[in-house]
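Report on one structure; see the data block that follows.
The values are calculated or read from the model by the stated rules, or taken from the named source; none is laboratory data. The structure presented is a predicted model; accordingly, all values stated were derived computationally and were not measured. Cβ: placed from backbone, ideal geometry, glycine included. Neighbour counts: every protein chain shown. Ligands, DNA and RNA are stripped out before the accessible areas are found, and what is left, the full protein with its side chains, is counted by its heavy atoms. Shrake-Rupley method; radii C 1.70, N 1.55, O 1.52, S 1.80 Å.
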Amino acid sequence: MSERIRLIEDLDRGAIPESPRAFLEALEGPSAILVPGRERNRCRAVCTLLHGNEPSGLMALHGWLREDAPPAFDCLILIAAVETALEPPGFAHRFLPTARDLNRCFLPPFEGPEGELAGEILRLVREANPECLIDLHNNTGHNPPYGVGPVAGAAELNLVGLFSERFVHSPLRLGALVEATQDDFPSVTVECGRAGDLAADAAARRGLDRYLAGEEIDPHHVTTPHMSVLTNPLRVCVRPDVEIDFADQPGNETDFTVVGDVDRHNFESLLPGVPIGWVRDETLWPLELLDIDGKDRSRDYFTLRGRRLETRRTIIPIMMTTCAGAAKSDCLFYVVEPGEEIVVEPGEEIVAEPEKEPNHGE
Ligand SMILES: [Zn+2]
């Protein structure tokens with residue numbers, strides 16, 4: 001079997017280059033680094049760079065590794081899309097044009113280069129048998145740090161609580177790493193904020209330090225104050241035949257011009273009447289919002305006032321992007337209804353109930 005990821009058990013932390021990029025160059029390719037802890041009978045896992053343009057997790061791990069202090073427990077560090085991150089101009093590609101999105105490949109049959117790499121990552125992480133796993137990412141738009149995952153138990157909320165007070169409980173099945181490991185051990189994705197923002201790098205480092213220092217993760221009671229849990233996010237997509245751009249005023253050429261700084265509203269409650277963008281002419285409907293039954297409900301959430309598209313009811317937008325490519329290939333943002341937000345106070349007992357039902361919405 002060809003090895004697509006290298007297991008490193010004897011990393012000389014004192015010799016790690018000062019720049020994160022030089023560190024990646026020294027790794028050469030996907031790497032799993034096992035760092036022995038003060039306690040050898042427990043292990044925690046952390047993954048980063050499943051997407052090549054999301055560097056906060058790498059920055060945090062690089063800084064932590066260079067400090068050369070042992071973690072509380074053994075730590076398995078997975079640094080995945082090293083070549084993608086190094087592709088010029090550096091940290092610029094989510095995945096390469098010839099490749100598939102690696103964080104959509106953690107599903108059988110694990111074929112092709114990305115599928116095989118995903119399969120090897122899963123094998124390594126299961127062999128290490130960690131008590132939990134955190135997968136560090138960034139957004140392309142302005143977002144506060146938040147966690148996202150398919151299971152919203154106390155352990156998952158407390159893992160996210162090391163980084164943030166926000167958790168998005170998403171039953172969407174996309175083929176992500178944390179979906180594949182959710183039944184093995186508590187697993188969460190943490191979106192640290194916008195790629196390239198120093199605040200996002202700092203959020204990743206703060207949470208990582210707490211995680212590797214061995215802060216206990218209560219499996220039964222939520223310990224993070226005011227943990228906000230948003231459930232059932234719905235994907236707001238741009239219709240396939242609609243071209244978009246981002247600007248501060250309506251354009252005349254483009255089908256749909258999205259308000260340029262629309263991402264500043266992420267995680268805010270938006271009242272009805274807030275502008276989202278402008279269409280080229282009033283007969284053009286730019287959005288699609290499919291519910292679990294595949295019915296387009298976009299007109300329940302948005303309305304046209306002349307050429308201006310605005311909110312029709314109160315919504316909480318999350319994960320808004322201002323990158324046209326991401327908006328077209330993935331989605332423009334997600335919406336959550338305010339009634340779907342609950343705030344969990346410390347000490348509340350939460351029992352995780354993994355959803356076993358297959359989801360056909362995605
Ligand atoms: Zn990502």
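If the condition is being under 18 Å from the mean Cα position of the chain (by Cα) and on the phi < 0 side of the Ramachandran plot, then the range 317-327 contributes Pro317, Ile318, Met320, Thr321, Thr322, Cys323, Gly325, Ala326, Ala327. Filter the range 143-175 down to residues that are of a type in the set (Ser, Thr, Tyr) and not in a strand (DSSP E or B) and give me whichever is nearest to His226 (Cα to Cα). Across the range 143-175, the extreme among qualifying residues is Ser164. The condition (being without any contact (Cβ under 8 Å) to a residue 24 or more places away in the chain and either of a type in the set (Val, Ile, Thr) or farther than 30 Å from His221 by Cβ (or both)) is satisfied by just one residue among Val259, Val274: Val259. Being part of a strand (DSSP E or B) and under 30 Å from Val262 (Cα atoms) is the filter; apply it to the range 109-142 and report the residue that is nearest to the ligand (Cβ to nearest atom). The extreme case among them is His137. Of the strands (runs of 3 or more DSSP E) that lie entirely inside the range 1-66, those containing 2 or more residues that are open to solvent by 70 Å² or more (accessible area, probe 1.4 Å) span 6-8, 39-48.
When residues in the range 104-117 are screened for being in contact with a Lys or Arg (Cβ under 9 Å, 6 or more places away or on another chain) and in contact (Cβ under 8 Å) with a residue 24 or more places away in the chain, 4 of them pass.
Within the range 67-86, the residues that satisfy the criterion of being open to solvent by 60 Å² or more (accessible area, probe 1.4 Å) and over 21 Å from the mean Cα position of the chain (by Cα) are Glu67, Asp68, Pro70. Here Phe95 clears all of (1) in contact with a Leu (Cβ under 9 Å, 6 or more places away or on another chain); (2) within 20 Å of Arg173 (Cα to Cα); (3) not in a loop (DSSP other than H, G, I, E, B) except the condition numbered (3). Is it true that Leu159 is open to solvent by less than 20 Å² (accessible area, probe 1.4 Å) and within 16 Å of the ligand (Cβ to nearest atom)? Answer is no for this residue.
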